[in-house]
Structure formats: C-alpha cells, structure tokens
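Data first, discussion second: the structure below is written as structure tokens.
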Amino acid sequence: MLTLAELKHFMSVPVPEQNYPTAKYLKTHGTILMSKRIATNATISVYQNGYALYEISGLTTVFPVCACQDYSYEMEESEISEQWFEKEAWYLRLILEGEDRINRNLEARQQRKSISYSAVSEEWGVLSSLETTVLETTIRKETMRELLGLLTDRQKEVIVQYFWEQKSQSEIAEKLGVSHAAVSKILTRAINRLRKKCMEWEEAV
C-alpha cells in the first residue's frame, strides 16, 4: 500500500502564490503519478507537479496535495490529524478534500443563480410579511416537512438554529461542541441537498 507520505516524496510542492492549473491543462500537459477510480463516476488523480484532480459525475476540482491537512468530519466533534492520513492509503484524504471542494463550488454556483425557492424562503421568514391562504400555508408546511426529512438529525439541528433561531455559525459550533469548520460543512451539505430537491421539483413542473 502506497501511503500519502510516500506519494509526496515523488511530487513537487506548488508555489503558494501561483494560480491552480485547470483540469484540462493537467490532463493535457500533466504527468500522472497515481490515479484511482472510486466508483463508476468518480476518480482521483495525482500529478507530478503537486496537484490533485478529483472528478465526479462530470464535475472537477483541482487542488494542491500539500493543502490537505487536518480534517473534521461533519458528525464528529474532533478532527482527524494530518499525521494519521500520512500513514494511510494515499487517496483517502484527497477524496475527502475533493468532495468538500466540489460541494463548496456547487454552493457558490447556486448562490449566483436566480433560482426561486419560494416555498423554502417563505418558511424561513424571508417573505413572512406576505398574507397567505390556509391552503398555501399548509402546502409550505408540507414542503418543509418533506425537505427536512432529507436531512440527518445533526443537519436539521444546525439548519433550525441557523435559519429559524438566527444564530451565527460560531454560536452553533459552541453550543454543539464542534469546530466552526464542522458547522460550515454541515450547513453546506444540508443546503446543497435541499436545493437539489427544489431543482428537481422545478424541473418536474
């Protein structure tokens, strides 16, 4: 088994200030050191120049291997140290990094789109001042019940505190006894899951 620490001996360390190469550039000009297919739609590849390329379902993200340090799982209160990953299979930490970066990219992309999530935004108080009929209120409640049913218990807890109770991520982290980064990951994954469902509904209309 090739460990992450062993793999790093064969690659360069990118200059911190330089721009990341694109996925297309790496595929065209890069030299692959290692590549592993995780599933039928996901692959992680490491290049000699020190960058990793994660691909899943047509989405890609490029990042320097040296940036993969400690990691905090969504449902865990403690971090897994960089030293632990160094002794494990080379691809484990890189897959986690790739997944997180893909999720953040999707979140940023969705924020730039003017997609209407009226049922969700109204329930979260964004349009709470509007008068609604009993039927509309019932529909919104059923919508929120179905959406929240997609989330884990921890995701529901964070969503409720953040949107309904208007608490900051730092306050939520302190209350739950986890890091700010962990709360941010929970929120990102929960919102992505909710938005994906909303988009499916809109496409079905």
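The values are calculated or read from the model by the stated rules, or taken from the named source; none is laboratory data. In this text the structure is predicted, and so the values were computed from the model without any measurement. Reconstructed Cβ throughout: ideal geometry from the backbone, glycine too, with neighbour counts over all protein chains shown. Surface accessibility is based on the protein's heavy atoms, side chains included, excluding ligands, DNA and RNA. Shrake-Rupley method; radii C 1.70, N 1.55, O 1.52, S 1.80 Å.
Points worth noting:
- Sorting Asp100, Asp70 by accessible area puts them as Asp70, Asp100; the probe is 1.4 Å, largest comes first, and only protein heavy atoms count.
- Between Val13 and Ser35, the FRET efficiency from the beta-carbon distance, with R0 = 22 Å, is close to 0.65.
- Sequence-distant residues sharing a close amide H with Met34 (under 5 Å, placed H): Val46
- In summary, the lysines within cross-link reach of Lys175, defined as a Cα separation below 30 angstrom excluding same-chain residues under 8 places away, comprise Lys141, Lys156, Lys167, Lys185, Lys196, Lys197.
- The length gained by stretching the chain between Gln48 and Ile80 to full extension, at 0.36 nm per residue less their Cα-Cα distance, is 8.9 nm.
- Accessible surface of Phe85 - all protein chains present, 1.4 Å probe, nearest 10 Å²: 10 Å²
- For the pair Lys175 and Leu150, a Förster radius of 30 Å applied to the C-beta separation gives a FRET efficiency near 0.85, rounded to the nearest 0.05.
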